[in-house]
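Have a look at the structure below, then the notes.
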Amino acid sequence: MVETSVIMATYKESIECLKQSIESIINQTYNDFEFIIIDDGSTDNSLEIIRMNADLDKRIVLLQNEQNSGICVTLNKGLEVAKGEYIVRMDCDDISELNRLAIQVAFMD
């Protein structure tokens, strides 16, 4: 069981922004996490970017909505599959400091 689940929903986000957001989580100094990324029916290249990263990093769990369902439905889908003791929210247009998860998990412990 992983200690932390990072959940991020994405819908037609800027590709460069999405790439930076994903990298900021997979490059964390803390490693005991799963990264659940849910594509909310994007019609751009978002799914390809997520899939490419999931192929490179097995901590990434890719989920996909067939059609846009909105952020609440999409995040709840991520919560349903999360295995972590702690849940961390990430927005697809945010960039996390490299020690974000380490600081948050230490605080919660």
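Using the 1.4 Å probe convention, the accessible area of the chain works out to 55 Å² per residue with neighbouring protein chains retained. Between the listed residues VAL81, TYR30, VAL105, the Cα displaced farthest toward the positive end of the dipole of the chain, a dipole computed from Cβ unit charges relative to the Cα centre, is found at VAL81.
Recomputing volume of the Cα convex hull per residue in Å³ from the coordinates shown identifies the correct label among (1) 144; (2) 153; (3) 89 as (3). Taking the protein heavy atoms of the chain in the context of the full set of protein chains, the accessible area attributed to carbon and sulfur is 51 percent at 1.4 Å.
The values are calculated or read from the model by the stated rules, or taken from the named source; none is laboratory data. Note that the coordinates shown come from a computational prediction; the quantities given were computed from them, not determined experimentally. Cβ atoms come from the backbone with ideal geometry, glycine included; neighbour counts cover every protein chain shown. For the accessible areas, the whole protein counts, side chains as well, though only heavy atoms, and no ligand, DNA or RNA atoms are used. Shrake-Rupley method; radii C 1.70, N 1.55, O 1.52, S 1.80 Å.
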